[in-house]
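Down below is the structure, laid out as structure tokens.
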Amino acid sequence: MSFAKVYSAQATLLAAQPITVEVDLSKGLHSFSIVGLPDKGVEESRDRVAAAIKNSGFKSPKQKNQKITISLAPADIKKEGPIFDLAIALAYLKAAEEINFDPEGKIFLGELSLDGKLRKINGVLSLSRKARDLGFTDLYVPEDNAKEAALIEGIAVYAVKNLNQIITHLETSSQPDNVGERISPQKQTEVSRENKNYEVDFSDIKGQETAKRGLEIAAAGGHNIAMFGPPGTGKTMLAKAFSHILPPLSFEKLLDVTAIHSVAGILKGSMVAEPPIRSPHHTASYVSLVGGGTIPKPGEITLAHHGILYLDEFAEFDRRSIDALRQPLEERTVSVSRARGTVEFPAGFILIAAMNPCPCGNHGSTEKECVCSPIHLKRYRDKISGPIVDRIDIWLEVPRISHKTLSLTTALENTNSVRERVTLARAKQAKRFEKHKRNIDTNSGMNARDIASLIKLDDSVTKTLNTSAEKLGLSGRAYHRVIKLARTIADLDRAENITEKHILEAIQYRPKQFIE
């Protein structure tokens with residue numbers, strides 16, 4: 001009998017791992033085994049592949065009296081899911097000498113249905129990038145995954161409808177006269193930047209000028225922000241409007257975000273072109289927020305990478321979940337440790353936290369009486385620990401707006417004009433960091449050493465900062481965050497140096513009323 005080898009790959013966490021599919025056929029009583037740490041989804045490939053081969057016009061492997069051994073190498077890596085179906089089918093047919101093609105330089109990905117059609121799979125973008133980096137020239141994927149895979153330049157992507165189509169293509173590739181029977185390579189997917197009608201425009205929000213100013217600063221410098229105020233004052237509207245004033249993702253960031261969403265199985269369309277916004281409910285579990293599980297998977301903070309994590313009713317989240325944000329807010333990554341090992345997921349998001357001043361929402365109101373007992377109020381506010389308060393750059397009170405203000409018809413500044421200012425400030429920061437050793441793109445990413453080398457304060461500004469920090473009792477972390485925030489405010493003003501005005505505005509965003 002015979003032997004064949006073809007190449008496939010799988011997404012392992014957020015990375016890609018090439019997998020070699022080897023098939024050996026030998027005489028003996030019928031058996032069909034898959035080795036190489038397959039999970040249940042891979043073991044079931046035997047039935048899917050056998051039916052797909054039979055329904056594509058070939059003799060089913062189960063109808064032959066032979067021993068079939070399929071090895072997925074390397075053998076010490078857990079193999080998961082149906083992604084190897086196509087490679088297994090082609091390797092078997094080649095080993096059985098029913099088809100003949102050269103597998104070198106080619107990677108095959110896809111789940112087979114029983115009639116031989118290919119179904120969509122997850123994680124194709126990261127697999128396409130890895131295949132290109134390893135020197136593969138051709139990538140064969142299900143038709144529904146082709147545009148996503150074709151975001152990567154430097155590798156030919158072929159959209160496959162069914163098993164018969166790819167067999168015809170592979171067998172005729174060496175025959176110049178049969179060009180019409182081959183699959184044409186997918187054109188590289190272009191990134192479209194269309195102007196959209198926003199769900200919530202800045203011009204829709206009446207009043208709340210201080211909050212809108214704070215959101216603009218947060219977007220310009222990538223700063224974390226918390227909003228607190230009574231129910232119904234527009235905190236959710238402000239958060240939705242915030243997502244539209246962020247600059248569009250660069251191509252590299254687009255690839256990063258799309259790859260994460262593809263591996264997680266939540267990708268809609270072929271790419272994520274705008275910064276993602278994730279808004280888990282306050283009853284979300286610790287694992288769903290941070291990531292984890294027996295086999296670690298990314299959580300909401302990783303799905304919000306290069307975008308926004310919006311936590312409404314922030315103080316209603318479990319204390320453990322809130323405190324778990326300490327590491328990602330500071331380091332922009334999260335480490336998940338399990339018995340099988342430690343995994344590090346990216347978590348470079350902007351946090352927008354929104355909360356009421358107390359459980360009933362009326363604490364401090366002059367219009368409605370607060371019915372919360374002191375112990376309930378203390379328990380509510382104790383959910384937000386000091387380290388978390390320190391890591392949030394901007395604290396904004398969102399007060400009630402009078403009905404007279406709500407009824408005004410005066411034209412207000414729209415989202416596009418705010419976004420232009422944010423984009424200009426981001427460009428100024430990119431120029432500042434272009435020759436920097438660390439990979440930073442916004443002011444919020446600077447550490448103490450970066451601040452010392454990149455930001456110069458004159459004596460009067462330093463005196464104002466130190467005096468204010470002493471009166472407010474700022475920690476070292478909060479002190480540096482004030483400087484970074486002032487630098488962003490100066491960037492929005494197109495100022496070369498930080499002035500006292502910028503420092504004073506930055507200081508006013510430190511928490512006062514909420515933690516009193």
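The values are calculated or read from the model by the stated rules, or taken from the named source; none is laboratory data. None of the values given here were measured: they were computed from a predicted structure. Note: ideal-geometry Cβ built from the backbone for every residue, glycine included; neighbour counts use all protein chains shown. Accessible surface is based on the protein model in full, side chains and every heavy atom, while ligands, DNA and RNA are left aside. Shrake-Rupley method; radii C 1.70, N 1.55, O 1.52, S 1.80 Å.
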- line: Reported to the nearest 10 Å², Val398 has, with a 1.4 Å probe, an accessible area equal to 0 Å²
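Just to make sure I understand: if all protein chains stay in place, what is the order of Met271, Met446 by accessible area at 1.4 Å, largest first?
Details: Met271 35, Met446 10 Å².
Ranked list, largest accessible area first: Met271, Met446.
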field: FRET efficiency, Asn439 to Asp133 (Cβ-Cβ, R0 22 Å, nearest 0.05)
entry: 0.70
message: Using a 1.4 Å probe on the protein heavy atoms only, what accessible surface does Ser192 show? Give it in Å² to the nearest 10.
response: 70 Å²
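Over the chain, give the accessible area per residue in Å² for a 1.4 Å probe, as an integer. Walk me through the numbers before you get to the answer.
On the way: 23960 Å² over 516 residues.
Per residue, the chain has an accessible area of 46 Å².
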field: At R0 = 56 Å, FRET efficiency that the Cβ-Cβ distance of Ser385 and Asp115 yields, to 0.05
entry: 0.50
message: Show me the ranking of peptides 218-228, 161-171 by mean Cβ neighbours inside 10 Å, starting with the highest.
response: 218-228, 161-171
message: Kirkwood Rh over alpha-carbon pairs of the chain, then Stokes-Einstein at 20 °C and 1.002 mPa s: what D in µm² s⁻¹, rounded to an integer?
response: 82 µm²/s
task: Among Gly57, Asn100, Ala87, pick out the residue whose Cα is farthest towards the positive end of the charge dipole of region 53-104, where Lys and Arg carry +1 and Asp and Glu carry -1 on C-beta, about the Cα centre.
output: Gly57
field: Glu331, Glu190, reordered so the largest accessible area comes first (probe 1.4 Å)
entry: Glu190, Glu331
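Ratio of Rg to Rh for region 210-279, alpha carbon only, Kirkwood? List each step's numbers first, then the result.
Details: Rg = 14.3 Å, Rh = 13.7 Å.
Computed over Cα atoms, the ratio is 1.04.
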query: Using Cα pairs under 8 angstrom and six or more residues apart, how large is the relative contact order of the chain, in percent?
result: 12 percent
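Helix-only mean residue ellipticity at 222 nm, the chain, DSSP H runs n ≥ 4 weighted -39,500 (n - 2.57), per residue, nearest 500. What is it? Display every interim value, and only then the final one.
Working: 21 runs with 191 residues, N = 516.
Taking each H run of at least 4 residues, the total per residue is -10500 deg cm²/dmol.
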task: At 7 Å along the Cα-to-beta-carbon direction for both Thr168 and Ser460, put a label point, then send me their distance in nm to one decimal.
output: 8.0 nm
statement: Residues whose modelled amide H sits under 5 Å from the amide H of Leu396, counting only those 5 or more places away in sequence or on another chain, are Ala226, Met227, Phe228
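I need the peptides 59-71, 127-139 ranked by packing, meaning the mean over residues of other C-beta atoms within 10 angstrom, with the highest value on top. All intermediate terms of the calculation are to be shown ahead of the outcome.
Numbers: 59-71: 16.2, 127-139: 19.7.
So the order, starting with the most tightly packed, is 127-139, 59-71.
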- request: Would you check region 401-516 for Lys pairs whose C-alpha atoms are within less than 18 Å, ignoring same-chain pairs closer than 8 in sequence, and give me the count?
  value: 14
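By the gyration tensor of its Cα atoms, with a ≥ b ≥ c the square roots of the eigenvalues, what is the shape of region 1-139: rounded for a/c under 1.5, prolate for a/b over b/c, or oblate?
On the way: a/c = 1.60, a/b = 1.57, b/c = 1.02.
Prolate is the answer for region 1-139, as a/c is 1.5 or above and a/b outweighs b/c.
If you stretched the chain out fully between Leu377 and Asp76, how much longer would it get, using 0.36 nm times the residue separation minus the C-alpha to C-alpha distance?
Once the chain is fully extended between Leu377 and Asp76, it gains 103.0 nm.
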message: Let me check something: with ligands and nucleic acids excluded, how do Leu29, Leu114 order by accessible area (1.4 Å probe), largest to smallest?
response: Leu29, Leu114
task: Leaving ligands, DNA and RNA out of it, report the carbon-plus-sulfur percent of the accessible area of the chain at a 1.4 Å probe.
output: 48 percent
query: Pairs Lys40/Lys120; Lys59/Lys79; Lys5/Lys268; Lys94/Lys117: which exceed 24 Å Cα-Cα?
result: Lys59/Lys79; Lys5/Lys268
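Return the FRET efficiency for the residue pair Arg332, Asn414: r is the Cβ-Cβ distance, R0 is 25 Å, and the value is rounded to the nearest 0.05. Could you put the intermediate results ahead of the total?
Values: r = 31 Å, r/R0 = 1.24.
Efficiency at R0 = 25 Å is approximately 0.20.
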